Amino acid sequence: MIGKESTAGRATKFTFLGLWLVFSLFPLYWIVVTSLKAPGDIFTFPIAYWPERFSLENYQGLFGKADFGTYLVNSLVVATVAGAVATAISTLSAYVLARFEFRSKSALLMAALVTQMIPSFIALGPLYLLMTDLRLVDNRFGLMLVYIAVCIPFCTVMLRGFFENIPDALEEAAMIDGLSRFGALVRVLLPVMRPGIVAAFIFNFVNCWNELFLSVTLMNSDGNKTVPTALNGFISSFNIDWGSMSAAAVLTILPTMVLFAFASRHIVQGLTAGSVKG
């Protein structure tokens, strides 16, 4: 009886997991299929869940009529630079918060957490005025600065947890061997921290890659727009270009999927590797 109940329980569990998997993957499948349909076949009835003929017309129009390649390059440059700089700054600030005790430490941590509770669009007005005064509106460097400031607080809190999991003995042994504190950080702690740093960078990269509100507000010219702004441009007052939007969405999702696959490998390494070798 117990075996039958166990088998029924497993069958129920796998059934629900299968349904949830289908429910989760179907939107992604539908985007890919729509991008591979000819524009005239997208609105056919009855709905074709598998196209009779595949077409790359949406992708050709994406790079022919719209300058989507420029948008991809802009997003890649902005997200990579902002993610790398924010990760570097957060690594140093997280090290200080994890290794040193000072009076305003708790206040800084609380401020970093509180900033994550404030929706970014609330600050769009003052931020736009500030960037206008600095002449950084419609400027990729200005957008990078904003993204760096947005990413640092949460990334600092996340990396602080990684630092606190590294024994102080590892750093102290390196300093006894003659390394300075900064040398111990660079040559000893950072290699151990590599999975956490990679995960933090990918977190920052994906946030910058997908961000819409700040990009739409601060970037005006077509030569400086990012991918989310370009996707928003496919929606007009009277029409939505579903074919081009689906093709653009597929090209937008691919880099983040690759990065998440790369991140999962490093996160597993960080969970299984020991900090101190015997």
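The values are calculated or read from the model by the stated rules, or taken from the named source; none is laboratory data. Quantities reported herein were computed from a predicted structural model and do not represent experimental measurements. Backbone-built Cβ (ideal geometry, glycine too); neighbour counts: all protein chains shown. Surface areas here come from the heavy atoms of the whole protein model, side chains and all, with no ligands, DNA or RNA. Shrake-Rupley method; radii C 1.70, N 1.55, O 1.52, S 1.80 Å.
Could you tell me which of rounded, prolate or oblate describes the stretch 7-55, using a ≥ b ≥ c as the square roots of the eigenvalues of the alpha-carbon gyration tensor, with rounded for a/c under 1.5 and, failing that, prolate when a/b is larger than b/c and oblate otherwise? Here the stretch 7-55 falls in the prolate category. Shape summary of the stretch 154-239, radius of gyration then Dmax from alpha carbon positions: 20.8, 70 Å.
Charged side chains reduced to their Cβ positions (Lys and Arg at +1, Asp and Glu at -1) give the chain a dipole of some 520 debye around its Cα centre. The residue 54 and residue 258 beta-carbon pair, evaluated with R₀ = 22 Å, returns a calculated FRET efficiency of approximately 0.45. Fully extending the segment from residue 73 to residue 240, taken as 0.36 nm per residue of separation minus the present Cα-Cα distance, adds 57.7 nm.
Dipole orientation for the stretch 10-144: of the candidates 123, 14, 40, 14 has the Cα lying most toward the positive pole (charges on Cβ; Lys, Arg +1; Asp, Glu -1). Ranked by the mean number of other Cβ atoms within 10 Å of their residues, highest first, the peptides 228-235, 142-149 fall in the order 142-149, 228-235.
What do you get for Rg/Rh of the chain when both radii come from the Cα atoms and Rh is the Kirkwood radius? Walk me through the numbers before you get to the answer.
Working: Rg = 23.8 Å, Rh = 22.3 Å.
We get a ratio of 1.07 for the chain.
Grab the DSSP H runs of the chain that are 4 residues or longer, score each as -39,500 (n - 2.57), total them, divide by all residues and round the 222 nm result to the nearest 500 deg cm²/dmol. Can you show the working numbers first?
Details: 12 runs with 198 residues, N = 278.
That calculation yields -24000 deg cm²/dmol at 222 nm.
A simple packing score, the average count of other Cβ atoms within 10 Å per residue, orders the peptides 114-120, 28-34 as 28-34, 114-120, with the highest score first. Projecting the Cα positions of 104, 159, 174 onto the charge dipole of the stretch 59-277 (unit charges on Cβ atoms of Lys, Arg, Asp and Glu, taken about the Cα centre) puts 174 furthest along the positive direction.
Keeping all protein chains in place, calculate the accessible area per residue for the chain (probe 1.4 angstrom), answer in Å². Spell out each step's value before the answer.
Details: 16750 Å² over 278 residues.
It amounts to 60 Å² per residue over the chain.
When a/c is below 1.5 the answer is rounded, else prolate if a/b is larger than b/c, else oblate, so apply that to the stretch 1-124 with a ≥ b ≥ c taken from the square roots of the Cα gyration tensor eigenvalues. Because a/c hits 1.5 or more and a/b fails to exceed b/c, the stretch 1-124 counts as oblate.
At 27 Å minimum axial length over the Cα atoms and a Kyte-Doolittle cut of 1.0, report the qualifying DSSP H helices in the chain, or say none. For the chain, where a helix must reach 27 Å along its axis and average at least 1.0, the hits are 68-99, 140-164, 190-210, 242-272.
Once both labels are positioned 7 Å from their Cα atoms along Cα-to-Cβ, the gap between residue 115 and residue 210 label points is 2.0 nm.
Cross-link partners of residue 37 among aspartates and glutamates, defined as those whose alpha carbon lies under 18 angstrom from its own and excluding same-chain residues fewer than eight positions apart: 52, 57, 241. Here the accessible area of the chain is 69 percent carbon and sulfur, with a 1.4 angstrom probe and all protein chains present. Bridgeable aspartates and glutamates around residue 225 (alpha carbons under 15 Å apart, same-chain partners fewer than 8 residues away excluded): 67, 138, 211. Annotation note: trypsin sites (Lys or Arg not before Pro) in the stretch 104-160 located in DSSP loop regions with a Cβ neighbour count of at most 11 within 10 Å are 135.
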